[in-house]
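To keep things clear, I will list the structure first and then write my remarks on it.
The values are calculated or read from the model by the stated rules, or taken from the named source; none is laboratory data. Every value quoted in this text rests on a predicted model; they were computed, and no experiment measured them. For neighbour counting, all protein chains shown are included, and Cβ atoms are generated from backbone atoms with ideal geometry for every residue, glycine included. Heads up: the accessible areas ignore ligands, DNA and RNA and are worked out on the full protein's heavy atoms, side chains in. Shrake-Rupley method; radii C 1.70, N 1.55, O 1.52, S 1.80 Å.
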Amino acid sequence: MLLGIILALLAGSLVSLQNIFNNKVNVHVGSWTTTTLVLGLGFAASFTLGLLFEGKGMFDLHALKLWYCFSGLIGVGVVTCMVQGINRLGPTFGVSISMCAQLGFALLFDSMGWLGLDKVDFTFKQLVGVLVIVGGILVFKLGGRKKPSQENAQKSLGTV
């Protein structure tokens, strides 16, 4: 279990780092080029590492349901939406909302047993947990920041 927690923490930090990099690329080349670069480089890296670690075994797909192969298309939506969300909301708020959506949909899929998952009983504690996280994001976004005064805004723009 500890290894799973460590790997999940590492994945979260890597996703956050990737989102920042993707956003910086998007500023220079646009959303579709960013998505192509991200997924293209990801393909090249995973293909190379797959050959290195699994060899020909990585092509043994006989037990795989065909529709699972289309998850890469979902990745196009993930990269495109995250880049645009971060552009409009900033990295922290954009990633926070994305994490809430991930948690909410994971809970839904688990509770309903969709997509071949074992059905997990939905509990009130799980609902409260999701709502607490959503509430935390609202507190984060709506509280704590003071808007700069007009004078400070003009100073930062160099118009004073």
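Here are the criteria: (1) more than 20 Å from the chain's Cα centre (by Cα); (2) open to solvent by 60 Å² or more (accessible area, probe 1.4 Å). Tell me which single one Asn87 does not satisfy.
Every condition holds for Asn87 apart from (1).
Just to be sure before I move on: is Leu3 touching a residue at least 12 places away in the same chain (Cβ under 8 Å) and assigned to a helix (DSSP H, G or I) in the structure I sent? First the steps, then the outcome.
Numbers: touching a residue at least 12 places away in the same chain (Cβ under 8 Å): no; assigned to a helix (DSSP H, G or I): yes.
No, not satisfied.
So that you can scan it fast, the table gives a plain yes or no per residue for (1) within 20 Å of Ile74 (Cα to Cα); (2) among the hydroxyl-bearing types (Ser, Thr, Tyr); (3) open to solvent by 50 Å² or more (accessible area, probe 1.4 Å); (4) over 18 Å from the mean Cα position of the chain (by Cα):
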position	(1), (2), (3), (4)
Lys24	no, no, yes, no
His28	no, no, yes, yes
Val38	yes, no, no, no
Leu41	yes, no, yes, no
Gly50	no, no, no, yes
Gly55	no, no, no, yes
Asp60	no, no, yes, yes
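Name the residues in the range 1-19 that are loosely packed, with under 12 Cβ neighbours inside 10 Å and within 17 Å of Arg88 (Cα to Cα), would you?
Scanning the range 1-19 gives no hits.
Among Leu66, Leu115, which is at positive phi, modelled with pLDDT under 90 and open to solvent by 30 Å² or more (accessible area, probe 1.4 Å)?
Values: Leu66 fails: at positive phi.
Exactly one residue qualifies, and that residue is Leu115.
Just checking, does the range 92-107 include any residue being surrounded by 15 or more Cβ atoms within 10 Å (Cβ to Cβ), β-branched (Val, Ile, Thr) and out of contact with any Asp or Glu (no Cβ under 7 Å at 6 or more places or on another chain)?
Within the range 92-107, one or more residues are surrounded by 15 or more Cβ atoms within 10 Å (Cβ to Cβ), β-branched (Val, Ile, Thr) and out of contact with any Asp or Glu (no Cβ under 7 Å at 6 or more places or on another chain).
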